[in-house]
Amino acid sequence: MRFHWQRILTVCASLAITLIGQRCPTADAQSAELAPTPPMGWNSWNHFATKVTAADVRAAADAMVASGMKDAGYVYVNVDDSWEGKRDSHGNIHSNSKFPDMKALGEYVHAKGLKFGIYSSPGPKTCAGYEGSYGYEQQDANTYASWGVDFLKYDLCSYMDIMKLHDPRQDPQQALRMMQAAYKKMHEALLNTHRPIVYSLCQYGVGAVWEWGPEVGGNMWRTTDDIRDHYRSMALIGFSQAGLERFAGPGHWNDPDMLEIGNGGMTADQYRTHMSLWAILAAPLIAGNDLSKIDQTTKSILMNKEVIAIDQDKLGIQGSRIAPPQIWMKPLSDGSKAVALFNYVIDDEAEPLTLKFKDVGFGGAVRVRDLWAHKDLGVLHDSYTVTVPQGGVVMLRIWQQPSETGALPANHPAAN
Ligand code: GAL
């Protein structure tokens, strides 16, 4: 990537004198600066699936502002599968009757100070059977750019059939090379538009995408199969991210799929687990509920700014499991640490869990804040024991306390 940009910028610089007026790509499209922290927004799939209409997307953009989601940091409004219509005789893709005017929709989203996202596939068909980008990559990228698109989710789907067609023996190495080439092709097409477009790879983690996602231009990549609005699905996906930490960082994130918070299939405690785990994982926070009908509990979960701050911390370190059964920790840029204690077995009763501060690298006195209770717990020593509801979580932020005086550590938010 870096080499690629250097090359482009060098070429642009040398041509600048002779090609006055020619637009050089600034270091933007799919660069690390485009997703310095995990992208935040909303996507139509988890709630609306193939029923989504332009009116639903406009309502989501309205609600994003009115509900406070925008102020909390959510910015992308993403249309998932089922917007696609047919191609015309020139090969240009058009939206279907549910989306009468994509450019106008993009403008509507932008007028709210939000960004506009879209979905396609490297295959001839998307997963829901609509028109994919196979053979039309550059043309589609140009169309998206002309519609003001800022985010593309690119979903493998029927490209798997192309892989089988070209390699009936299904040699895994050959399949990997074809998949990488397909993702890179759209990456280059997006770069050629000179528009900054977050590139979200969706191929369910096949072929250890986290190892090559940045090379094909991905700003984020799905690490698993689809999430469902059930605790077991969410917990299985979330807790299985252990081990992928080193592949995430500013500009390129592991994506354990979009949020189900507010869709009704989990309890509030379980949704707090969902939000806390995704924040500890530095995962993209892409809400998937009907924002126009968001209730207070859902708001308090999706818009917990103290938890969002953990996800969005500028160090961009994906947290890891540091003690059994499910105690997770994420180091933060001010030297403090976020710790989540999950009572993940739903058949168990609420149970006391103990965090030993030495397990997260702190000795002596520490200052602790509970991020769901929004409460300072004061200066503590050695360990903290707390009862965690079943399927629920207690999420803490912990600072090393400089002395026994009770004075706030200099990096504590309330110290300044
Ligand atoms: C799946 C994808 C989902 C959604 C769906 C649309 O492959 O994982 O997130 O995009 O396709 O058809």
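What to note about this one:
- Taking the listed residues 235, 248, 279, the one that is surrounded by fewer than 23 Cβ atoms within 10 Å (Cβ to Cβ), more than 16 Å from the ligand (Cβ to nearest atom), at negative phi and modelled with pLDDT of 95 or more is 235, with no other qualifying.
- Among the candidates 189, 182, 141, the residue that is within 16 Å of the ligand (Cβ to nearest atom), buried (at least 20 other Cβ atoms within 10 Å of the Cβ), more than 18 Å from the chain's Cα centre (by Cα) and aliphatic (A, V, I, L, M) is uniquely 182.
- Scanning the stretch 200-232 for residues that are touching a residue at least 40 places away in the same chain (Cβ under 8 Å), in contact with a helix residue (DSSP H, G or I) (Cβ under 8 Å, 6 or more places away or on another chain), within 13 Å of the ligand (Cβ to nearest atom) and closer than 20 Å to residue 35 by Cα yields 201, 203.
- Test for residue 164: is it of a type in the set (D, E, K, R), part of a strand (DSSP E or B) and either within 16 Å of the ligand (Cβ to nearest atom) or surrounded by fewer than 18 Cβ atoms within 10 Å (Cβ to Cβ) (or both): no
- Residues being within 16 Å of the ligand (Cβ to nearest atom) and touching an Asp or Glu at 6+ places or on another chain (Cβ under 6 Å) - total across the stretch 106-119: 1
- Hey, residue 54 away from the ligand (no atom under 16 Å from the Cβ) and under 23 Å from residue 266 (Cβ atoms) or not: no
Yes or no, residue by residue, for (1) within 22 Å of residue 269 (Cβ to Cβ); (2) open to solvent by less than 50 Å² (accessible area, probe 1.4 Å):
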| residue | (1), (2) |
| --- | --- |
| 307 | yes, yes |
| 315 | no, no |
| 330 | yes, yes |
| 346 | yes, yes |
| 349 | yes, no |
| 359 | no, no |
| 363 | no, yes |
| 367 | no, yes |
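- Consider the stretch 28-50 and keep the residues that are of a type in the set (Gly, Ala, Ser) and away from the ligand (no atom under 16 Å from the Cβ). The one that is surrounded by the fewest Cβ atoms within 10 Å (Cβ to Cβ) is 32.
The values are calculated or read from the model by the stated rules, or taken from the named source; none is laboratory data. None of the values given here were measured: they were computed from a predicted structure. Glycine gets a Cβ as well: all are built from the backbone with ideal geometry, and neighbour counts include every protein chain shown. When the accessible area is computed, the model is the full protein with side chains, heavy atoms only, and any ligands, DNA or RNA have been set aside. Shrake-Rupley method; radii C 1.70, N 1.55, O 1.52, S 1.80 Å.
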